[in-house]
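Right, one structure below, let's go through it.
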Amino acid sequence: MTAPDLSKLRIDRAAPPTESRGSSRVIPIAIAAIVVLGGGFFLLRGRSAVKIESVVAVATTGGGGAAAAEGTAVVTANGYVVARTRASVSAKVPGRLAWLGVDEGSRVTKGQVIARLEDADFRASVDEALANVASADANRIEAETDRDQARREADRTKQIRAENPNLMSAQEAEAAESRALQAAARANSAKARLDGARASLRFAEASLDNSSIRAPFSGTVLRKEAEVGEVVAPSVGGGLTRGAVVTMADLTTLEVEVDVNEAYIGRVSHGQRARIVLDAYPDTGFRGVVRQVVPTADRQRATVQVKVTITDRDPRILPEMGARVDFIAPPAPVTRSAAAQTPSAPRFRLPSAAVREVDGRSVVWLVRNGKLTLREVQAGPASAGFREIRSGLSGGERVFTGGVETPAEGMRVAE
């Protein structure tokens, strides 16, 4: 068999490689997808969904003396609910807790026994003091009897000496008088010892009574600080010693302590009405009244503490709850001079997130015709998440507060 001649075989390098029909469509489809995704990105970026809040005029006092409408908050501050009458109840004497008769939430009345210490040693001290009193009383009776007898003998001797000096010498009369005086002194000493024994008895009885721990006022037990078997003392001594047995408070004296920015403390006064909103119940408001503006400021925080009494009693209000207090503008008296004055520019309160700092300026983003517009304003310091706008707004504007990281001029707003 003859072998094939391979020398005549050639490779045609001029002919282009043949492409499949399906692969020719991959590139146009990829380009179209990129265009669609890019357009969607920019479309979504131009129509970012942002949160819009309407500007509402705040009841603040302007520079010209125009007062806000009654019922509007002039200042807002955050704080906590506290009980004005509150105590950590401890034992007056050290000892081991033998009985505890209350739990968290227990209602107690003033003077009620809430716990007892082991009192065997105190009872023994009372019995000993009683015995000492009895002994001292017997000695007093004996001494007083001797005193009376010595006095009678001294009087008889004196009488006999007066009637017949020959029957009773002056020396015998003087000796009888001395014995009477000594007996009187011994009687007085016995009486003093009896008084001392009675004082020791009262001390022993007081120590025994102090082993019973009583409620200092009517209220509610908030927390147990010790358990049966633990050693308690008037002051903490370390180790296993407890300083208090229970913590209690009078829930009828609940109030809210808030820190008001010192820039706005001039708008808060004693007796001013307030609206209280608890963090636990944000949809419920409780009435309050300013009880005290503490006459000192916190230098580091630039705040002044204000205490607001809660006038609406509600079992849902508990100590240590977080609360927001809106101080209500008091009604302003209308006088002829006030009516003749030119009203000052209105002021507004906005959430702190609505006010931004750009190049050292305070600005807000307004929403006009579905787009964002930058507006420079004069803003006061923050207080409880709000800032006062003193100038730059006229009222009714819609203000951007959130939704995108960096707003820009002309950015469209999705309604």
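Any read-out appearing in this document is the output of simple, stated calculations on the displayed coordinates, not a laboratory observation. Being a predicted model, the structure only gives us computed values, none of them experimental. Neighbour counts run over all protein chains shown; Cβ positions are idealised from the backbone, glycine included.
Worth pointing out:
- Footprinting exposure proxy ranking of W99, W365, fewest other C-beta atoms within 10 angstrom first, gives W99, W365.
- Placing a pseudo-label 7 Å from each Cα along the Cα-to-Cβ vector at R96 and T311 gives an inter-label distance of 5.4 nm.
- For the range 120-209, relative contact order (Cα pairs under 8 Å, six or more residues apart, normalised by length) works out to 49 percent.
- For the range 169-184, backbone phi angles converted through the Karplus equation (6.51, -1.76, 1.60; θ = phi - 60°) give residue-by-residue couplings of 6, 5, 5, 5, 5, 5, 5, 5, 5, 5, 5, 5, 5, 5, 5, 5 Hz, Gly and Pro being listed as x.
- Cβ-defined net charge surrounding D314, 15 Å radius [Lys, Arg +1; Asp, Glu -1]: 0
- Dimensions (Å) - the range 120-209, Cα atoms, principal axes, largest first: 67, 13, 13
- Ranked by how many other Cβ atoms sit within 10 Å of their own Cβ, fewest first, the residues M411, M321 fall in the order M321, M411.
- Residues with amide H under 5 Å from that of S90, placed H, sequence gap 5 or more: V245
- Coil-residue trypsin sites (Lys or Arg not before Pro) of the range 90-173, DSSP, other Cβ within 10 Å capped at 12: K110
- Inter-label distance, S394 to H270: 4.4 nm, where each label sits 7 Å from its Cα along the C-beta direction.
- This ranking places F327, F286 by how few other beta-carbon atoms lie within 10 Å of each, fewest first, which gives F286, F327.
- Taking amide H positions as modeled 1.01 Å from N, with prolines and chain starts lacking one, the residues under 5 Å from Q112 and 5 or more places away or on another chain are A215.
- In order through the range 219-231: 3J(HN,Hα) via Karplus (6.51 cos²θ - 1.76 cosθ + 1.60), integer Hz, x for Gly, Pro: x, 10, 6, 8, 7, 8, 9, 9, 10, 4, x, 7, 8
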